[in-house]
Amino acid sequence: MKREKTKHSLFSNVAYALRNIWTWDKAFYLFFIPSIPLAVLLPLAATYFPKVLIDAVESGQDNRRILLIVGIYFGALLIVKLLNGFCSSRLMMRQYNLSLRYQHAITEKYMRTDFVNTDHPDALLKYQHAMNDACSGQCAPEFIWQSLMGLFISLLGIVTYGSIIFLVSPWIIALLFLSAFIAYLITRWQRNYIEKNKNVWGSIDRKIGYLQSFSQKFDYAKDIRVYGMFDWFSDMLTGFHKERLNWTKRVSTRTLAGTCVNAALTLLRNGLAYAVLIAMVLRNEIGAGDFVFLFGAVTGFSAWLNGIGNRVNDVVHKSVKIDYYRAYFEMDETYNHGVGCPLPAESEMPVEIEFRNVSFRYPSSDAEEDTLKSVNLKIRKGEKLAIVGPNGAGKTTLVKLLVGFYYPTDGTILLNERELTEYNIEEYYSLFSAVFQDLYLLPVTIAEFVSSSDGEIDRERVSDVLRQAGLKEKIASLPNGINSRLMKGVFDDSVEFSGGEKQKLMLARALYKNAPVIVLDEPTAALDPIAENELYLKYHELASRKTSVFISHRLASTRFCDRIVFLDHGEIVESGSHDELMKRGGKYAEMFEVQSHYYKEEKDA
Ligand code: ADP
């Protein structure tokens with residue numbers, strides 16, 4: 001069988017899982033470690049008890065003493081069983097905590113990783129491997145403790161039973177290893193045969209399936225009848241069925257042969273072990289009690305030994321999955337998620353942002369051209385910049401780079417003359433009050449949504465920003481006001497918001513955050529021109545003494561900006577104030593003319 005190549009070694013993956021358990025729940029080991037000897041002790045006690053009993057009877061102990069031995073045995077057995085059961089139940093319960101931790105860690109990583117990793121095909125594949133392969137069903141990093149426990153129990157069983165038998169007769173141990181090795185070879189022979197040939201019968205199965213589905217298709221029903229294709233079909237199917245049966249026979253013959261050899265081997269092993277033990281009894285080297293005990297030990301030892309291969313396989317298999325899990329956490333991060341340089345102080349506000357020779361291509365893009373091509377743009381302190389241009393020009397992309405969602409393929413972005421990667425990315429996000437095109441609500445109250453917090457909320461301020469955003473009447477009409485819950489799908493008593501109202505809610509959230517940079521990416525798409533104009537006036541107010549970037553497809557609404565940049569095919573083709581650009585008579589002026597005609601017609605209609 002081909003081994004999957006992993007980045008980390010088996011030991012490293014096992015150590016990773018054990019270390020996590022140690023970090024999250026040290027008490028887990030309190031139940032894990034004792035479970036191993038307890039699991040070996042139980043069958044050992046069951047094997048040992050008959051010896052004690054036989055020895056007692058043989059040595060002529062009275063009935064009361066024998067009863068006492070039986071009582072002690074069952075008492076001890078009960079205690080061991082109870083202890084074992086107690087440990088198992090504690091482990092099962094605590095394992096749930098581990099499972100939640102692992103799943104929580106993936107979700108957390110997904111939320112904190114560079115934004116590009118939620119879009120990058122390689123990163124998404126890693127996420128799927130971590131989520132589906134490693135953590136669905138039996139979550140490998142969590143369940144490996146069970147596999148390890150199985151392995152440790154088998155090893156301890158082999159050592160304990162092996163030592164007992166070895167002390168009595170090393171020959172028996174050699175015999176048992178030999179028989180386990182032969183049993184392993186037989187299993188390997190069977191497995192290899194199946195591995196080698198499964199594609200052959202797989203292809204026959206596919207042909208049978210195809211012919212069956214073909215014969216049942218309504219479209220072919222007429223042809224089959226008119227052209228008398230029954231016999232042809234039937235002969236083909238019979239041929240394939242015969243071939244398939246042949247393979248089934250060959251496999252079952254091998255399975256049967258394996259079973260027979262294994263049975264003969266067990267018989268031989270037991271027979272030889274019997275012979276050695278009987279010879280020892282005859283030579284008075286051991287008594288009848290020892291004979292019974294040792295014979296039980298031989299059977300137990302063989303079981304541990306034969307099972308060890310599966311135990312090892314189980315651990316190896318889980319290690320591969322842990323590797324998937326770790327790969328997701330070890331993904332490349334371009335941005336700084338650790339300690340960053342300090343954010344600009346109050347005295348350094350408003351901020352300045354510079355794109356220096358920035359080119360960008362989406363990781364998933366197979367387009368021939370870059371989405372942004374050598375963009376040089378300085379957004380001055382407190383400047384209100386509008387970005388306009390045709391659909392697909394790269395406006396939203398530029399904003400995504402500015403906010404720190406994507407990192408330039410080439411060039412750099414600086415905020416107050418420091419490269420973006422110098423800042424801790426989460427702190428950097430705090431500099432932006434942004435409203436994007438896609439509007440997502442959350443299943444929380446209006447107050448929580450607007451303040452983006454479930455802790456301390458300045459309720460007066462929430463009401464104030466909602467009023468500024470033009471939602472005063474809407475909120476007044478709700479029985480629970482700002483305590484009304486959003487999202488109907490989650491809570492029955494939630495309130496509905498229209499597209500335009502959602503955009504106003506987003507604006508209120510941006511107002512509440514009151515961050516130094518305002519970014520608006522077509523926040524008014526769902527509004528009519530009058531409502532849009534009102535909203536832009538509000539933004540205008542909000543943006544005073546702040547640096548801001550507005551994207552709008554309606555050029556009229558960007559007139560209040562200090563500067564307008566016209567983007568086309570990822571390049572800045574024009575830049576200047578509205579009047580300058582109109583005077584220039586270029587692409588901006590052309591687009592403005594077309595739009596004002598359209599609006600005039602719309603108004604006149
Ligand atoms: P605009 O905002 O000017 O309409 P965008 O910045 O949204 O333009 O898009 C610019 C180009 O980038 C378009 O061709 C678009 O298809 C492509 N694009 C946008 N987002 C992605 C993405 N996540 N992956 C790949 N290509 C994208």
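The values are calculated or read from the model by the stated rules, or taken from the named source; none is laboratory data. Keep in mind that this is a model prediction, so the values were computed, not measured. Using ideal geometry, Cβ is built from the backbone for each residue, glycine included, and neighbour counts are taken over all protein chains shown.
For the structure I just gave you, tell me whether Leu414 is buried (at least 19 other Cβ atoms within 10 Å of the Cβ), modelled with pLDDT of 90 or more and among the hydrophobic types (A, V, I, L, M, F, W, C). Write out each step before concluding.
Numbers: buried (at least 19 other Cβ atoms within 10 Å of the Cβ): no; modelled with pLDDT of 90 or more: yes; among the hydrophobic types (A, V, I, L, M, F, W, C): yes.
No.
Please verify whether Ala434 is within 10 Å of the ligand (Cβ to nearest atom), aliphatic (A, V, I, L, M), at pLDDT below 90 and within 34 Å of the chain's Cα centre (by Cα), treating the condition exactly as stated.
Working: within 10 Å of the ligand (Cβ to nearest atom): no; aliphatic (A, V, I, L, M): yes; at pLDDT below 90: yes; within 34 Å of the chain's Cα centre (by Cα): yes.
Taking the combined requirement at face value, the residue does not satisfy it.
Condition (residue is touching a Cys at 6+ places or on another chain (Cβ under 9 Å), crowded, with 21+ Cβ neighbours inside 10 Å and under 30 Å from Tyr110 (Cα atoms)) applied to the range 145-152: is it met by at least one residue?
In the first step, residues of the range 145-152 are kept if they are touching a Cys at 6+ places or on another chain (Cβ under 9 Å); the result is none.
Within the range 145-152, not a single residue is touching a Cys at 6+ places or on another chain (Cβ under 9 Å), crowded, with 21+ Cβ neighbours inside 10 Å and under 30 Å from Tyr110 (Cα atoms).
Which one of these is buried (at least 20 other Cβ atoms within 10 Å of the Cβ) and not basic (Lys, Arg): Gly404, Gly392?
Values: Gly392 fails: buried (at least 20 other Cβ atoms within 10 Å of the Cβ).
Step by step, each of Gly404, Gly392 is checked, and only Gly404 is buried (at least 20 other Cβ atoms within 10 Å of the Cβ) and not basic (Lys, Arg).
Kindly provide the set of residues from the range 362-389 that are on the phi < 0 side of the Ramachandran plot and surrounded by 20 or more Cβ atoms within 10 Å (Cβ to Cβ), ordered by number.
Step one: filter the range 362-389 for residues on the phi < 0 side of the Ramachandran plot, giving 362-373, 375-381, 383-388.
Passing the criteria: Asp370, Thr371, Leu372, Val375, Leu377, Ile379, Lys384, Leu385, Ala386, Ile387, Val388.
Among the residues of the range 453-479, how many are without any contact (Cβ under 8 Å) to a residue 24 or more places away in the chain and closer than 16 Å to Leu542 by Cβ?
Here the count works out to 2.
Select from the range 353-373 the residues that are of a type in the set (Ser, Thr, Tyr) and either assigned to a strand (DSSP E or B) or in contact with a strand residue (DSSP E or B) (Cβ under 7 Å, 6 or more places away or on another chain) (or both) and list them in ascending order. Outline the logic, then answer.
Applying the first criterion (of a type in the set (Ser, Thr, Tyr)) to the range 353-373 yields 359, 362, 364-365, 371.
Listed by number, the residues that qualify are Ser359, Thr371.
So, in the range 367-406, exactly how many residues are away from the ligand (no atom under 14 Å from the Cβ) and not small (Gly, Ala, Ser)?
Going through the range 367-406, the residues away from the ligand (no atom under 14 Å from the Cβ) turn out to be 374, 376-385, 404.
Now drop any that are not not small (Gly, Ala, Ser), which leaves 376-381, 383-385.
Of the residues in that region, 9 qualify.
Among (1) more than 24 Å from Phe11 (Cα to Cα); (2) in contact (Cβ under 8 Å) with a residue 40 or more places away in the chain; (3) surrounded by 15 or more Cβ atoms within 10 Å (Cβ to Cβ), there is one condition Tyr110 misses while meeting the rest; what is its number?
The number of the failed condition is (2).
Look through the range 61-97, keep the residues that are modelled with pLDDT under 90 and polar (S, T, N, Q), and return whichever of them is surrounded by the most Cβ atoms within 10 Å (Cβ to Cβ).
Among those residues, the one meeting the criterion is Gln95.
Which one is farthest from the ligand (Cβ to nearest atom) among residues in the range 407-421 that are more than 30 Å from the chain's Cα centre (by Cα) and on the phi < 0 side of the Ramachandran plot?
Quick first cut of the range 407-421, residues more than 30 Å from the chain's Cα centre (by Cα) only: 410-419.
Within this subset, residues satisfying the condition of being on the phi < 0 side of the Ramachandran plot are 410, 412-415, 418-419.
Details: Asp410: 16, Thr412: 19, Ile413: 16, Leu414: 21, Leu415: 21, Arg418: 25, Glu419: 23 Å.
The qualifying residue farthest from the ligand (Cβ to nearest atom) is Arg418.
Exactly one of these conditions fails for Thr558: (1) farther than 30 Å from Ala367 by Cα; (2) within 16 Å of the ligand (Cβ to nearest atom); (3) at pLDDT 85 or above. Give me its number.
Failed condition: (3).
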